[in-house]
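For reference, the structure is listed below as structure tokens.
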Amino acid sequence: MNRKQIIAVTNRHLADGNPLDTIRKIAAFGPCALILREKDLTEAEYAELAYKVLEICDAAGVQLFVHSHIETALETGCRAVHLSIPSLRKLLNEQWDAKVTTGRELQSEKGGTDLHEAVSFLSVSCHSIEEVREAVAAGATQIVLGNIFETDCKKGKPGRGLDFLRDAVEAAGTVPVYGIGGITPENLGAVLQTGAAGGCMMSWWYR
């Protein structure tokens, strides 16, 4: 298994003990990236956690993706964000204020911050081929496609399967696609055979 074909996704509610200890173990494992997913935190709580996780990831040479909180990404100096399609649409169509660590505002013609100037890596979560095409057209640098297999995180929701992933890879062209949902080291090989760049794993880290 090539560890650089794996993206880790966090969920501190699954951690047995200090969630940062699990993140340290994940970073030491050596995935290509880690998405800090903690959706239920406030902006301030998320930022406090992100600073700590960024330090861990930087020390291990793992790329951190800030989930949704783009202001936190800029505040911490992490220029990689992971967005849902609705969040991507919102950020591309509204004026919003954010500053990089130098304090220099990045202004678009609309008077707000330009998303593509603000971030270097844009990861987008997609759940259909149409969303994949939309994300690619919007400048995504990677696609996270789900869910491929049935997973405990979405009990009762059947996986879309490997053919769905293969179609998404074709639709994405040169943009790398990572499958998510029930991905494990045991089925990662089948995921890669679709042409996907790799797989995202969340529950596996907390077993």
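The values are calculated or read from the model by the stated rules, or taken from the named source; none is laboratory data. This one's a predicted model, so the numbers in the text were calculated from it and none came from an experiment. Cβ sites come from the backbone with ideal geometry, for glycine too, and all protein chains shown count toward neighbours.
Taking the criterion of being modelled with pLDDT under 50 and assigned to a strand (DSSP E or B), the residues of segment 78-106 that qualify are 99, 105. Among the residues of segment 159-174, is there at least one that is crowded, with 16+ Cβ neighbours inside 10 Å, outside any helix (DSSP H, G or I) and among the β-branched types (Val, Ile, Thr)? No, segment 159-174 contains no residue that is crowded, with 16+ Cβ neighbours inside 10 Å, outside any helix (DSSP H, G or I) and among the β-branched types (Val, Ile, Thr). Looking across segment 54-77, the residues that are at pLDDT 95 or above, outside any strand (DSSP E or B) and hydrophobic (A, V, I, L, M, F, W, C) come down to 54, 56, 57, 59, 60, 62. Can you find a residue that is more than 16 Å from the chain's Cα centre (by Cα) and under 25 Å from residue 11 (Cβ atoms) anywhere in segment 123-130? Yes, there is a match, as at least one residue in segment 123-130 is more than 16 Å from the chain's Cα centre (by Cα) and under 25 Å from residue 11 (Cβ atoms). Restricting to segment 132-153, name every residue that is buried (at least 20 other Cβ atoms within 10 Å of the Cβ), outside any loop (DSSP other than H, G, I, E, B) and without any contact (Cβ under 8 Å) to a residue 60 or more places away in the chain. 132, 135, 142, 143, 145 - these are the residues of segment 132-153 that are buried (at least 20 other Cβ atoms within 10 Å of the Cβ), outside any loop (DSSP other than H, G, I, E, B) and without any contact (Cβ under 8 Å) to a residue 60 or more places away in the chain. Considered as a group, the residues in segment 195-204 that are under 24 Å from residue 12 (Cβ atoms) and either of a type in the set (D, E, K, R) or under 16 Å from the mean Cα position of the chain (by Cα) (or both) include one that is surrounded by the fewest Cβ atoms within 10 Å (Cβ to Cβ), and that residue is 203. In segment 177-194, of all residues being part of a loop (DSSP other than H, G, I, E, B) and small (Gly, Ala, Ser), the one that is surrounded by the most Cβ atoms within 10 Å (Cβ to Cβ) corresponds to 181. Restricting the first member to segment 60-75 and to residues that are touching a residue at least 24 places away in the same chain (Cβ under 8 Å) and closer than 15 Å to residue 35 by Cβ, and the second to residues that are among the β-branched types (Val, Ile, Thr) and in a loop (DSSP other than H, G, I, E, B), the beta-carbon pairs closer than 8 Å and six or more apart or on different chains are 70/119; 73/119. If you go through segment 1-28 and keep only what is exposed (fewer than 14 other Cβ atoms within 10 Å of the Cβ) and either of a type in the set (Val, Ile, Thr) or under 24 Å from residue 142 (Cβ atoms) (or both), you end up with 1, 2, 3, 4, 25, 28. I'm trying to understand the selection: among the residues of segment 1-53, which are in contact (Cβ under 8 Å) with a residue 24 or more places away in the chain and among the acidic types (Asp, Glu)? The answer is 16, 38, 43.
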